[in-house]
Structures are given as C-alpha cells and as structure tokens.
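Below is a structure I'd like to ask you about.
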Amino acid sequence: MTYDIIIIGASFSGLTLAHHLPKNLKILILDKKKLLNSLIESTGLITQATKDEIAAFFEVDKYVPNQITTIGVVSTNFENNFFSGTKKPWIYSTDTPTLIQGMSEKLPKNVDLKINSQFITYKIDKNEEYPVKVKLKENGIEKKVSCKFIVGADGSESCVAKANKNLSKNKKFLVAIEKVFYGDILLGDNPDSTVYHFWFGEFSLGYGGWLSPTIINNKKAFRLGLAKLKKDRKELNKVNEFIEILKEKKIINIEKNTKEILCFGHQIPINGPLKKVQDDYSLLIGDAAGFCGAFSADGIKGAVISGKIAAKLIPKHLNGDKKALKTYLQEMEKHNKLITYYKKQLFYRFIWNRMKKNRTYKTMFNLIAKDKEHFINQFCDSKDRQKSLIGIVLKIRNLPLLIKYAWYIFLDLFKIKGH
Ligand SMILES: Cc1cc2nc3c(=O)[nH]c(=O)nc-3n(C[C@H](O)[C@H](O)[C@H](O)COP(=O)(O)OP(=O)(O)OC[C@H]3O[C@@H](n4cnc5c(N)ncnc54)[C@H](O)[C@@H]3O)c2cc1C
C-alpha cells in the first residue's frame, strides 16, 4: 500500500494537518488508540484565538461546555486568593474526547484514518518512488506501508523522532495527573466560568495545581490536577491530598456517592521548540516538535498552528521546493510571535524551577495580586493581549517587593531555610 503522506497521531496536530492538506494527495493518518473517542490526555482549555483557528475548519463550538472569563489564583497553604477577569470569554473548556472524535469523523475523503494502528519505525530507501518505508502494527498484526513523506504528530514522546537520528527529541518533561469528578466548585462569584491555579509552594514544587469546571453527560463536573517535573513523578499521588484539602476548605463539593469519573496522566514537553524538526522525508508537529508552553503547559495552540503550517509547506516540499520546510519555525513565529512566546515561557519556567520556599511564592503572589486586573492578559493570545508579566510587575512602586522576591530566589538557590 502506498500513500503520499503518512501522519502518525490523530489528535490536535495530526487531525488539523489532515484537514488542511491538498485534496489531491493520498493521506494515511494512524493512531494507536483503540477508539476514536479514547481519552485524550488534556484538560482541553483553549484560548479564543485557538478556538478561532479550529472554527475556521471545524464546528468546535458544539464541543465547548464552558466559556471562561476569569482566572482565580490560590496562594500557598490555600490561604489567599485573587481573581482576574475579562468581560469576554478568555478561554474555553472543550470536551476533548468528543471534539477529537468529531474532527476524525469529518476528515476529507482523501484521508484514510486507521485506529488501533501503532507506528513502530521507518527507514528511507532513496531509490524508490515511495522512499519512506513504515512498519506498523494494525490490530496487533505487523504491516508495511510506503509513502513519500512522514509526519510525527505523535505527541511528547514521539516514536517518529526516536526512529530518525536526524530529528531532535523532547528531553524535559512535566508529568501531569488529572482527575475528573461530578460536583460543584464553590470558590468565587462565578465558578462555572473560572479556572483556578494553585501556587502550591512547598506543598508540591514543580508546577502547581489546577481546577476547572466542565459538563459531562449534561451534569456539572470539574477537572483537577497537578504536575511535577519528571524527576519528581513519584510524588504525583499528592493529588489525593490536594483533593482532600479542597474538600475540607469547601472549595469543591464532590457529588455524593460518586467516585472520580476519569483519571489520567501524561507527559508535557517543557524544553521549548526543538531544533531539528525536519529532514527531506519527515517533519514533527505539535508536542512532538516541542511546541508547548514550558510554564503554562498549553500545547493545543501550537499543535493546531503547526498542523496548519505543515499543510502549506509539505506540498511545496514534495513539489521540489527544498527551502520550504526550512521556513517552518519562521512561519510559526509569524503566528502571534509563537516562538517568542515559547521563549518567554522558558524564562518563566527557569524562574519557577528556582523557587523553593513558601515565602518566595507568597511574595510573587503579593506582587502579582497588586496588578491582578492585568494578570489575565498574559494568557490571552489574541490581539487583546497587552503587557507581558514582566511589563506588569516592573514598576517603581513594586521595587521593595521585587527586591524581596529576588532576595528570596537567591536564598532558594542556596537552599537557605525560612518560612
Ligand atoms: C493533563 C494535561 C492537561 C493539559 N491541558 C491542556 C490545556 O488545558 N490546554 C492546552 O492547550 N494544552 C493542554 N495540555 C497539552 C495538550 O494536551 C497537548 O499539547 C496537545 O494534546 C498536543 O497535541 P498533539 O496532537 O501534538 O499530541 P497528542 O495530543 O499527545 O496526540 C498524540 C497522538 O499520537 C498517538 N500516538 C502516539 N504514539 C503513537 C504510535 N507509536 N503509533 C500511533 N499513534 C501514536 C497518540 O495515541 C495520540 O492520539 C495538557 C496536557 C496534559 C498532559
């Protein structure tokens, strides 16, 4: 069997690409998932700009249970909080499994989708018309297919990248765990349109926690989770303590006699965009290429945009324009300065990784809470976006707190004790 292009991974990046490639090309997209709506390991929060990108080719609004206008930040020891909101929805929570199923079912006719098909490896035979020789397992049976070009849309631990020594691999990860319950969130004025960040401090270093409202089977539900640096993944069971604290503090109310509806864990790449993401026969997109915020762990935007850009560049490449793929990262940057966004995220991650003590987190909280109304703009990737986080806090009146914060980070570097 031969194809023009084989895409490994039928999630945000692979499906976006498959929807946009020219209809005269013969495409195969395969995924190891057993069912189309198998769990996608994502909270599924997307910004307005990302929703617009998807809405341009798919009816995403049908899969958005909650429109979010507000972010609530809870400080160390769960003792303080602030809310930062916008009038218009700022992000949208998606019902990710059914959204992915919908996008899969609406694929154009030139695309052949195979699930329960696991990519194993590939090699190149330059003398052949279809030089990319792919080995896969379909329903457990080994198979070989050939194509002109292969795309790794297979997530943070891309097997396509692993099979090709010319391509970079993600090396730094957060490991996330998320649980979903039926019930209510009780914190703040409008919990159905608020997402919550927990700046844990010493309770759980590495990332923080999140809580977001959703609707499952027409019932109110919420997703909560936390993430750790991969080296600390053994501490992921802290999530249960987190749940107990939220119950005790009456921040959540789990529906009586119900257990968690879902629980999943997955890796999030936090090394920023990878250097070598293409060669003459292959390209990485989405998480596989490291297009994920190292600080806020948002990857859907990068997955969708890289899928769209790849759909423009690969046909040019196949038509003999050997420079086309080399413009990949420049094209990503043209989209709301996405590469610059990832670089800033690396800086925030660098600072966050150095913060060890509650006092440091508390000082940061106090610093940002002072200008809380601007805080939300950080995360809006639309044109409404104004100053960056650094731009917001760098003010003369904040100088004493900034000095205190810098001093505490300095002490954290040397692990000097304090509270
Ligand atoms: C807990 C959690 C919460 C998150 N929340 C958010 C959020 O709220 N907002 C946001 O923007 N981002 C979020 N992210 C990140 C986001 O989910 C990812 O960045 C996004 O899904 C990346 O899309 P992708 O298509 O590149 O890869 P993925 O969604 O990882 O999809 C890869 C696909 O490849 C398939 N695959 C892998 N290996 C093989 C193989 N060998 N053969 C065949 N198929 C294979 C997998 O089955 C999968 O379907 C979250 C991540 C996690 C872990």
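Quick check on the chain: helices-only [θ] at 222 nm, where DSSP H runs of length 4 and up contribute -39,500 (n - 2.57) each and the sum goes over total residues. Nearest 500, please.
Value at 222 nm, helices only: -8500 deg cm²/dmol.
Let me ask something else. Going by average Cβ neighbours within 10 Å, how do the peptides 388-394, 26-32 rank, with the highest at the top?
26-32, 388-394
If you don't mind, another one. Of the accessible area of region 303-402, with the probe set at 1.4 angstrom, what percent is carbon plus sulfur?
Carbon and sulfur together cover 59 percent of it.
Would you mind getting me the FRET efficiency between LYS250 and ASN139? Use the beta-carbon distance for r and R0 = 45 Å, nearest 0.05.
After rounding to 0.05, the efficiency reads 0.40.
So if each residue of separation counts as 0.36 nm, and I subtract the Cα-Cα distance between ASN366 and ARG397, what length gain in nm does that give?
Gain on extension, ASN366 to ARG397, equals 9.9 nm.
Measure up LYS109/LYS148; LYS259/LYS308; LYS220/LYS404 against 31 Å on the Cα-Cα distance and list the ones that go over.
Exceeds cut-off: LYS259/LYS308; LYS220/LYS404.
Still on this structure: Evaluate the distance, in nm, between pseudo-label points positioned 7 Å from the Cα of ASN24 and of PHE57 along their respective Cα→Cβ axes.
A separation of 1.9 nm, rounded to one decimal place.
Sort ILE141, ILE177, ILE54 by accessible area with a 1.4 Å probe, largest first.
ILE141, ILE177, ILE54
To the nearest 0.05, how large is the calculated FRET efficiency for ASP279 and ASN336 if R₀ is 25 Å and r is the Cβ-Cβ distance?
Numbers: r = 27 Å, r/R0 = 1.09.
After rounding to 0.05, the efficiency reads 0.35.
Can you spot the lysines whose alpha carbon is less than 17 Å from LYS249's alpha carbon? Ignore those fewer than 8 places along the same chain.
Partners found: LYS238.
What does the accessible area per residue of the chain come to in Å², with a 1.4 Å probe and no ligands, DNA or RNA counted?
Details: 19540 Å² over 419 residues.
Ligands and nucleic acids excluded, the result is 47 Å² per residue.
Once ligands and nucleic acids are excluded and a 1.4 Å probe is used, how much of VAL73 is accessible, expressed in Å² to the nearest 10?
0
Going highest first, how would you order 271-278, 120-127 by mean Cβ packing within 10 Å?
The most tightly packed comes first, giving 271-278, 120-127.
Farthest toward the dipole's positive end in the chain, which of LEU211, ALA221, SER156, given Cβ charges of +1 (Lys, Arg) and -1 (Asp, Glu) about the Cα centre?
SER156
Please give every one of the aspartates and glutamates within straight-line cross-link reach of LYS372, meaning a C-alpha to C-alpha distance under 19 Å, and leave out same-chain neighbours fewer than 8 residues apart.
Of all the aspartates and glutamates, those that pass the test against LYS372 - Cα under 19 Å, at least 8 places apart if same chain - are GLU79, ASP189, ASP381, ASP384.
Next up: Taking the chain as the reference, fit the longest principal axis to its C-alpha atoms, fit the long axis of helix 300-318 to the helix C-alpha atoms, and give the angle between the two in degrees, 0 to 90, nearest 10.
20
Between GLU202 and GLU129, what is the FRET efficiency for a Förster distance of 56 Å, r being their Cβ-Cβ separation, to the nearest 0.05?
0.40
Right, next: Could you compute how much accessible surface GLU79 exposes when probed at 1.4 Å, giving the result in Å² to the nearest 10?
Spelled out: GLU79, probe radius 1.4 Å, area about 100 Å².
Okay, next question. Given the pairs LYS169/LYS275; LYS357/LYS395; LYS32/LYS62; LYS106/LYS219; LYS137/LYS230; LYS179/LYS234, which are separated by over 21 angstrom at their Cα positions?
Going by Cα-Cα distance, LYS357/LYS395; LYS32/LYS62; LYS106/LYS219; LYS137/LYS230 fall outside the 21 Å limit.
Here's a follow-up. Taking a probe of 1.4 angstrom, what is the accessible area of MET1 in Å², to the nearest 10?
For MET1, the solvent-accessible surface is approximately 140 Å².
Using a 1.4 Å probe and counting only protein heavy atoms, arrange CYS263, CYS147 so the residue with the most accessible area comes first.
Solvent-accessible surface, decreasing: CYS263, CYS147.
Determine the order of HIS19, HIS266 by accessible area, beginning with the largest, at a probe radius of 1.4 Å.
HIS266, HIS19
The values are calculated or read from the model by the stated rules, or taken from the named source; none is laboratory data. Computed from a predicted model, the values in this text were never measured in an experiment. Here the Cβ is made from the backbone with ideal geometry for all residues, glycine too, and neighbour counts use every protein chain on show. What goes into the accessible areas is simple: the full protein's heavy atoms, side chains included, and nothing from ligands, DNA or RNA. Shrake-Rupley method; radii C 1.70, N 1.55, O 1.52, S 1.80 Å.
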